[in-house]
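Engineer: If you scroll down you'll find the structure; I have some questions about it.
The values are calculated or read from the model by the stated rules, or taken from the named source; none is laboratory data. Small disclaimer: the values here were computed from a predicted structure and weren't measured. Methodologically, a virtual Cβ is constructed for each residue, glycine included, from the backbone with ideal geometry; neighbour enumeration extends over all protein chains shown.
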Amino acid sequence: MVRARVPRAMAACALALSLATMPGCLARPATKTNDDGAAREVLNMDDEITERDLEVAQSLGAPMDVVAAMRGGAWPSARSKDNVRYAEFVEDHLAARYGERFRATEARLSFGLMRDPHTVTCAVETGGHAGETCVASFLYEDEPRWADDYPYLRLHEEYERRLTEVAQGAFGDLPEGSWVMEARMLDWQYPNVASDPQGAWHEVPPFATLEEAGVFVDGYLWVSISPDNQLAEEDFDARVARMREALDALDMRVYWSVDQITQPLDGAEFTMEWSRDADYSWHALGNFQGDE
């Protein structure tokens, strides 16, 4: 599977901001109950070491001396305990949310002054996405605020198929090889509670369809037209208008651009990668935020 990537720093900043501004999550299966009767998820920081603790420590790649100390009934350090219990916390959250089994393989915890989320990488062990990797992050304050990339696993093929159909509808009648496109849903962590285009917050259903989740996920559609197939400005504008209308009807968040490349190929193969830095004449771009 090819996953669309964004710069790590950009994705991390966006994730931290979205979790920091997220309102308190709505009730989910949890181990404790608030005074108002609402369930909430809590970390288990009990000192007793269980068989599960040992299994998770080994899955996280804990050194042999750490595992040996745990088998002897003692946590070798506060950090080793944090790694294991935070990983279990994420496994349990993902299992409760998606109804599958997840096994933590890496934990990156943040205890500095910056309000960075804790992040745990898990292997998906059951269901239609078994064998894939799922990354989940959370900020833990009065209650955890969650984001994960399981929506990408569930929705990216359909998201990308719809964008491909839009591009084909606008440019598919051009000669084969005279245009290229790239359609991707961004592979990043989407908050479990997100804001819609009007700024209202919603808990995103774990099994939301693309119709339901389209305003909460992100992606892009890039189209480049070969320098060997120069379109008149009127033709270019008409095709762009057709594509924009079709994208608007999808009610999905999507960034898009169309370029008429003018730089000679000089023997190079016309690909999207080549066209990224090539000169162009006609150019259009924009974005849709979903159902506005």
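Engineer: How many of the residues making up the range 170-202 are closer than 21 Å to T262 by Cβ and either in contact (Cβ under 8 Å) with a residue 12 or more places away in the chain or in contact with an Asp or Glu (Cβ under 8 Å, 6 or more places away or on another chain) (or both)?
Structural biologist: 10
Engineer: Still on this structure, please answer the following. If you scan the range 264-292, which residues turn out to be part of a strand (DSSP E or B) and closer than 18 Å to L174 by Cβ?
Structural biologist: Across the range 264-292, the qualifying residues are Y280, S281, W282, H283, A284.
Engineer: Considering only residues of the range 31-61 that are among the aliphatic types (A, V, I, L, M) and more than 18 Å from T105 (Cα to Cα), which is modelled with the highest pLDDT?
Structural biologist: I49
Engineer: If I ask for residues that are within 21 Å of R108 (Cβ to Cβ) and not β-branched (V, I, T), which ones from the range 62-72 would you list?
Structural biologist: Those that are within 21 Å of R108 (Cβ to Cβ) and not β-branched (V, I, T): A62, P63, M70.
Engineer: Within the range 242-263, can you find the residues that are under 25 Å from the mean Cα position of the chain (by Cα) and in a strand (DSSP E or B)?
Structural biologist: Listed by number, the residues that qualify are R253, V254, Y255, W256, S257, V258.
Engineer: Being touching a helix residue (DSSP H, G or I) at 6+ places or on another chain (Cβ under 8 Å) and more than 20 Å from D173 (Cβ to Cβ) is the filter here; which residues of the range 221-263 pass it?
Structural biologist: Within the range 221-263, L250, D251, M252, V254 qualify.
Engineer: Right, here's the next one. Between V166, V180, which is in a strand (DSSP E or B) and assigned by the TED database to the domain that holds A241?
Structural biologist: V180
Engineer: Before we move on, is D82 more than 19 Å from the chain's Cα centre (by Cα) and either under 20 Å from L139 (Cβ atoms) or not assigned by the TED database to the domain that holds A208 (or both)?
Structural biologist: For D82, the condition - more than 19 Å from the chain's Cα centre (by Cα) and either under 20 Å from L139 (Cβ atoms) or not assigned by the TED database to the domain that holds A208 (or both) - is met.
Engineer: Regarding A107, is this residue assigned by the TED database to the domain that holds N44, surrounded by 15 or more Cβ atoms within 10 Å (Cβ to Cβ), small (G, A, S) and more than 18 Å from W256 (Cα to Cα)?
Structural biologist: Judged against the criteria, A107 is a match.
Engineer: Another question, if that's okay. Considering only residues of the range 139-155 that are assigned to a strand (DSSP E or B) and at pLDDT below 95, which is surrounded by the fewest Cβ atoms within 10 Å (Cβ to Cβ)?
Structural biologist: Out of the qualifying residues, it is Y140.
Engineer: If we scan the range 247-257, do we find a residue that is more than 22 Å from A147 (Cα to Cα) and in contact with a Lys or Arg (Cβ under 8 Å, 6 or more places away or on another chain)?
Structural biologist: Looking through the range 247-257, at least one residue is more than 22 Å from A147 (Cα to Cα) and in contact with a Lys or Arg (Cβ under 8 Å, 6 or more places away or on another chain).
Engineer: So, one more: Name the pairs: first residue in the range 117-128 and not assigned by the TED database to the domain that holds N192, second residue of a type in the set (S, T, N, Q) and modelled with pLDDT of 95 or more, Cβ to Cβ under 6 Å, at least 6 apart or on different chains?
Structural biologist: Within 6 Å, the pairs are P117/S137; T119/S137; T121/T105; A123/T105.
Engineer: Of the conditions (1) out of contact with any strand residue (DSSP E or B) (no Cβ under 8 Å at 6 or more places or on another chain); (2) touching a residue at least 24 places away in the same chain (Cβ under 8 Å), G112 clears all except one; give me its number.
Structural biologist: For G112, the failing item is (2).
Engineer: Count, please, the residues in the range 186-215 that happen to be surrounded by fewer than 17 Cβ atoms within 10 Å (Cβ to Cβ) and assigned to a helix (DSSP H, G or I).
Structural biologist: Total satisfying the criteria: 2.
Engineer: A further question follows. Please go through (1) surrounded by fewer than 16 Cβ atoms within 10 Å (Cβ to Cβ); (2) touching a Lys or Arg at 6+ places or on another chain (Cβ under 8 Å); (3) hydrophobic (A, V, I, L, M, F, W, C) for C122 and return the number of the only condition it doesn't satisfy.
Structural biologist: All conditions pass for C122, except number (1).
Engineer: Mind listing just one residue for me: the one in the range 156-185 that is buried (at least 21 other Cβ atoms within 10 Å of the Cβ) and aliphatic (A, V, I, L, M) and, of those, nearest to the chain's Cα centre (by Cα)?
Structural biologist: In this case the residue turns out to be M185.
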